[in-house]
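Working notes, beginning with the structure itself.
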Amino acid sequence: MKLITNSKTLEKQFLRLLDKYSQYYWLTAWASSKSTSFDKLVRNKKRIKKIIVGIHFYQTHPDFIETFLGSKNIKYIKQPEGTFHPKIFLFYNNNNDWEILVGSANFTNAAFTVNTEIVTLIKSTDLNSTEILTETLNIINSTWLESKHFDTNELDDYRKIWKNFTPKINSLSGSYGEKILKGKKKSKPIYLVPVANMDWNDFMAKVNADQYHSLNSRIKVLKKANSLFRKKDSFCDLEDDERRFIAGIPNTLPVDKDVDWGLFGSMKGAGIYKNRIIENDLNISKALAEIPILGQITKIHYQRFIKHYKKTFEGNYLATATRLLAMKRPDTFVCLDSKNKSALCKDFEITQSGLDYERYWDEIIKRIYDSNWWLNPEPKNNIEKSVSDSRSAFLDSLYYVE
């Protein structure tokens, strides 16, 4: 009997056992692909006798299911009472020659690389080995009767749901798409990021503490932008100065004297962008059309916006793109520019270097969606209601530096 306490040793033992034994009987709560052990399992698939995998919380990767689609010897627990959570791996030659791994580890790439797992290796020569083998086979055989196979149509549906649930699972584990390099500091879980845990009162206190711009002026800018988007069906149908106002470039649109079009990201220095706005570039209009004026904004909406936007602006034009997004849906987007980027990234524990369109959604918007002040606004008057309706954009109040 041996205790395994690190992922490298666990994978080393798995690879040894996959080679040594001719029959595999496993129960695992989840399974994934893209590991050395997975590759060897595929090569040795004729040795699989009974493998039962859970799919609870959609943690089993659809690529694993697809790889063994049609195999009679791999089945799944699809609708368990409670959570199907066993992890036991029997490697067998005969009743006198076998080994079992049992513990916390599932058959996943994470278990073999980054997870902290504790697993016990039991051998046929250990004390009470006959009883252990009998009980192991009994539980595997009884579970086999409750499990089912996947078919192609069912896998297609499962993959869709898995794709939608994966970001939620990642955010619960504190992962927001960051590419953590070896040796670099890892990101903090979101409950340790102070800005994410602010309640509504704290958020409003910080919005009111803006030392550079008045709250009233900020509210008026966003209300004006909203009225312009509702005025016409398409951005390209607006008047020249109306488009300039939304885009954050100089204009002569008649507004109240305290309405500063440059709030939430002045783009007067963005020459190429400014010219495309003046020329009424249709790709900009098409991009904004992908963002609905009401309802939930998903990553698909955002990706479609970026697809059109990049047809005109090659490269990383994150500041100008997020200015337009924040004007159309300030409840979701914040303009990220040179005036607020440094402080915002520092507070949200985000690496500034290399921040692009993809990372903006994964590392900023998804953190916003999980933040207490965003999830639980409690406006107490009309002014706070206006802030609540545009609360993502108002992060600029917290992080703007002249």
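Here is a list: S129, S147, S142. Which entry is of a type in the set (G, A, S), more than 30 Å from R367 (Cα to Cα) and exposed (fewer than 14 other Cβ atoms within 10 Å of the Cβ)?
Details: S129 fails: exposed (fewer than 14 other Cβ atoms within 10 Å of the Cβ); S147 fails: exposed (fewer than 14 other Cβ atoms within 10 Å of the Cβ).
The unique qualifying residue is S142.
Here is a yes/no grid of residues against (1) touching a residue at least 40 places away in the same chain (Cβ under 8 Å); (2) of a type in the set (A, V, I, L, M, F, W, C); (3) on the phi > 0 side of the Ramachandran plot:
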| position | (1), (2), (3) |
| --- | --- |
| S214 | yes, no, no |
| K220 | no, no, no |
| S234 | yes, no, no |
| D240 | yes, no, no |
| G248 | yes, no, yes |
| D256 | no, no, no |
| V259 | yes, yes, no |
| F264 | yes, yes, yes |
| R276 | no, no, no |
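Is it the case that segment 362-378 has a residue that's small (G, A, S) and under 19 Å from R218 (Cα atoms)?
First, pick out the residues of segment 362-378 that are small (G, A, S): 371.
Adding the requirement that they be under 19 Å from R218 (Cα atoms) leaves none.
No, every residue in segment 362-378 fails to be small (G, A, S) and under 19 Å from R218 (Cα atoms).
Helices (runs of 4 or more DSSP H) wholly in segment 194-240 with at least 1 residues that are among the acidic types (D, E) - which ones?
Filter on segment 194-240 gives 200-208.
Out of (1) more than 33 Å from the chain's Cα centre (by Cα); (2) of a type outside the set (K, R); (3) under 18 Å from K328 (Cβ atoms), the odd one out for I219 is which?
The failed condition is (1).
Criterion first (in the same structural domain as Y360 (by TED's automatic domain parsing), within 23 Å of T332 (Cβ to Cβ), outside any loop (DSSP other than H, G, I, E, B) and in contact with a His (Cβ under 7 Å, 6 or more places away or on another chain)) does A319 satisfy it?
No, not satisfied.
Please find, among D389, D362, the residue that is at negative phi and touching a Gly at 6+ places or on another chain (Cβ under 7 Å).
D362
Name every residue in segment 357-377 that is part of a loop (DSSP other than H, G, I, E, B) and at pLDDT 95 or above, in order of residue number.
Hits for segment 357-377 are N376, P377.
Which condition number does K380 fail, the rest of (1) modelled with pLDDT of 95 or more; (2) in a helix (DSSP H, G or I) being met?
Condition (2) is where K380 drops out.
Taking the condition of being of a type in the set (V, I, T) and within 15 Å of I277 (Cα to Cα), how many residues in segment 205-261 meet it?
So the count comes out to 3.
Looking at (1) at pLDDT 65 or above; (2) among the aromatic types (F, W, Y); (3) surrounded by 13 or more Cβ atoms within 10 Å (Cβ to Cβ), which one does Y191 not meet, given that it meets all the others?
(3)
For segment 277-309, name all the residues that are over 21 Å from F264 (Cα atoms), of a type outside the set (S, T, N, Q) and in a helix (DSSP H, G or I).
Once the filter is applied, which keeps residues that are over 21 Å from F264 (Cα atoms), of a type outside the set (S, T, N, Q) and in a helix (DSSP H, G or I), segment 277-309 yields L282, K286, K299, I300, H301, R304, K307, H308.
Would you confirm whether or not segment 340-353 contains a residue that is at pLDDT 95 or above, surrounded by 15 or more Cβ atoms within 10 Å (Cβ to Cβ) and more than 24 Å from S217 (Cβ to Cβ)?
Looking for residues that are at pLDDT 95 or above, surrounded by 15 or more Cβ atoms within 10 Å (Cβ to Cβ) and more than 24 Å from S217 (Cβ to Cβ), one finds none in segment 340-353, hence no.
Determine if segment 231-239 includes at least one residue that is under 20 Å from L344 (Cα atoms) and either not aromatic (F, W, Y) or not assigned by TED's automatic domain parsing to the domain that holds E290 (or both).
No - not one qualifying residue is present in segment 231-239.
In segment 263-309, which residues are among the acidic types (D, E) and surrounded by 14 or more Cβ atoms within 10 Å (Cβ to Cβ)?
Those that are among the acidic types (D, E) and surrounded by 14 or more Cβ atoms within 10 Å (Cβ to Cβ): D281, E290.
Within segment 310-322, identify whether any single residue is touching a Gly at 6+ places or on another chain (Cβ under 6 Å), in contact (Cβ under 8 Å) with a residue 12 or more places away in the chain, within 14 Å of M267 (Cα to Cα) and buried (at least 21 other Cβ atoms within 10 Å of the Cβ), and answer yes or no.
no
Run down F38, F57 and say which single residue is in a helix (DSSP H, G or I) and over 13 Å from F107 (Cα atoms). Steps first, answer last, please.
On the way: F38 fails: over 13 Å from F107 (Cα atoms).
The conditions single out F57.
Within the set of pairs 6 or more residues apart or between chains, which connect a residue that is in the same structural domain as L395 (by TED's automatic domain parsing) inside segment 343-361 to a residue that is of a type outside the set (V, I, T) and part of a loop (DSSP other than H, G, I, E, B) with Cβ atoms less than 6 Å apart?
Within 6 Å, the pairs are C345/Q352; E349/S187; E349/K188; D356/N316.
The values are calculated or read from the model by the stated rules, or taken from the named source; none is laboratory data. Just so it is clear, the model here is predicted, and its values are computed rather than measured. Cβ coordinates were reconstructed from backbone atoms using ideal geometry, including for glycine residues, and neighbour counts include every protein chain displayed.
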